[in-house]
Amino acid sequence: MDVVEALDETFRHAHGVIAGVRAEQYSDKTPCSEWTVRELLEHMIGVVAGIGGAAAGQPRGEFVLSEDPAGQFEAASASAMTAWRQPGVLDRVIDAGPGPMPGRALASINLLDTATHTWDLATATGQSPELPSPVAVAALDASRGIVTDALRAGRFGPEQPLDDGASDTDRLVAFLGRRP
C-alpha cells in the first residue's frame, strides 16, 4: 500500500475513533503521559490540518479544537487528502514546521503520527485499539524509516518485547515504545 492510500485509510479509521470520544472523557489520561484526551485530540487534528495545509502550499495557521472534533477532523483530513493527491507533491520539498523535507517523508510522518495517536486515543477512551492491518503495516514500515535512536530519545520509549503471535497493531505500538 502506498503512503497516500495508507493515509486515506488511516484518516478514515481515525475519524471513527474521534467520533467515539465523549466530552466527559476530555480530561482522562492517555498512553501519552503528557497529554489528556483533549490535548491528544488537539494534537491529532492540528497535525493533520497543519501538515495537509503545508502540502497544499498554505501558510500555517493557529489551531483551535472545535466543539465537534469529529467534524473538524473530517474536514481537515479531506483537505489533507486533496493536497496529498496532487501530482508531484510527494517529490516536492515541503516545510511543515520542523524544517524542509521531501513530501514523501512528511506524508510518512503524518501516517505514523495519526496511526499511533489513533491507537492512543482508542486505548484512552475504551474503544478497540486495533488499527486496520494494512494501516498498521504501513505505519510500522514508515516508523522503521523515521524513528532512529537519536529521535527515539524524548519522543518514543524503547521498543517493547512481543510474543510471536502479536497483531500488526501491537508490532507498531511496541516498536514505538508503547505497551500493547
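Computed from the coordinates by the stated procedures, all read-outs in this text should not be read as laboratory data. From a predicted model like this one, the values you see are computed outputs, not experimental measurements. Cβ placement follows ideal geometry from the backbone for every residue including glycine, while neighbour counts extend to all protein chains displayed.
Summary table below
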item: Separation between Cα centres of region 57-76 and region 90-126, rounded to whole Å; result: 15
item: Under the Karplus curve 6.51 cos²θ - 1.76 cosθ + 1.60, θ = phi - 60°, whole-Hz ³J(HN,Hα) for region 155-161, x wherever Gly or Pro sits; result: 10, 9, x, x, 4, 8, x
item: Length gained when the stretch Ala75-Ala56 is fully extended (0.36 nm per residue, less Cα-Cα span); result: 5.4 nm
item: Packing-based exposure ordering (other Cβ within 10 Å, fewest first) of Trp84, Trp35; result: Trp35, Trp84
item: Neighbour-count order for Val173, Val89, fewest beta carbons within 10 angstrom listed first; result: Val89, Val173
item: Rounded to whole Å, sorted largest first: equivalent-ellipsoid semi-axes of the chain, Cα gyration tensor; result: 23, 20, 15
item: Estimated distance in nm for a label pair at Arg179 and Glu24, the labels positioned 7 Å out from Cα along Cα-to-Cβ; result: 2.8
item: Sequence of Ser33, Ser77, Ser128 once ranked by neighbouring C-beta atoms within 10 Å, starting from the fewest; result: Ser33, Ser128, Ser77
item: Helical mean residue ellipticity (222 nm; -39500 (n - 2.57) per DSSP H run of 4+; nearest 500) of the chain; result: -18000 deg cm²/dmol
item: In nm, spacing of pseudo-spin labels at Arg92 and Thr148 (7 Å Cα→C-beta vector); result: 2.6
